[in-house]
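Please treat every number below as a calculation from the coordinates, not as lab data. Being a predicted model, the structure only gives us computed values, none of them experimental. Positions of Cβ are generated from backbone atoms using ideal geometry, with glycine treated the same way; all protein chains shown enter the neighbour counts.
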């Protein structure tokens, strides 16, 4: 099968756009962040005549606080993820509706998580804001070198991996959460991420039809370059141990196994030597052998 140019590949993917958009709409749920914040627990900080945060204010464990902050900072970097997606799928093209819907859905995660953390004083809001500012300024893949080799399938594969990571991360975090309201918030976030993961995976399946060579190589690169949530946060080393087991080789392998199954990689044939090697690496990861 011939390898398509980026333009031809995007045109081929656009044929699947209406169906995938419809599937996304059918799977998505409607919810409003402000509904899920326990506002009655909030009180002013010193600037408005109240009391500033002290460690005793927090009612969550260090593991939960660290996990929430890591997840929040990942969600805060939505502009970076959006810009990478827009390299090949700009909002002023036929992709506008789906890209816009995904962006709006993901944005509400940072809204509800930050409001919950501030209102319940789960952590120092000043410290959290300092982390946010530094993390968002650094961004995700926000240098020319970081995006120079990203084709359209690379972008879709990276986001499919990331959304699956978020699902696994939230599952791990939920195991440590006791507050019912926070459990429900994280459940909403998880549902969104699962739907978004399925959407990006659907484009990978469309890519297998249009250009299986490019798609297999892109999936292999995305899996090989997995960055665990929180691993790129500056000055976070003293906290990272609290969430060290939220993602590991087993969660990476589970994502690879999911892709291998959905893309039917065990039966793909007629690949180049390079792509066949990539396929074998994906299957090895899926089996926990890499």
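Things to note:
- Förster-model FRET efficiency, 22 Å R0, residue 270 and residue 148, C-beta, rounded to 0.05: 0.15
- Structural size metrics of region 145-229, computed from C-alpha coordinates, are Rg and Dmax of 15.1, 47 Å.
- Given (i) 7; (ii) 19; (iii) 13, the label whose value is percent of Cα pairs over 36 Å apart derived from this model: (ii)
- Rg ratio (alpha-carbon, reference 2.2 N^0.38 Å) - region 13-89: 1.70
- Measuring nothing but how far apart in sequence close Cα pairs (under 8 Å, 6+ apart) lie, relative to its length, region 72-166 scores a relative contact order of 43 percent.
- Cα gyration tensor, region 1-156 - rounded (a/c under 1.5), prolate or oblate: prolate
- When peptides 195-207, 12-24 are ranked by their average number of other Cβ atoms within 10 Å per residue, the highest-first order is 195-207, 12-24.
- Using distinct alpha-carbon pairs, which all enter the 1/r mean, Kirkwood radius of region 224-290 in Å: 13.5 Å
- Sequence-separation-based contact order of the chain, relative, with Cα cut under 8 Å and 6+ spacing, percent: 26 percent
- You can think of it this way: the chain between residue 127 and residue 15 has 35.7 nm of extra reach, that is 0.36 nm per residue less the Cα-Cα gap.
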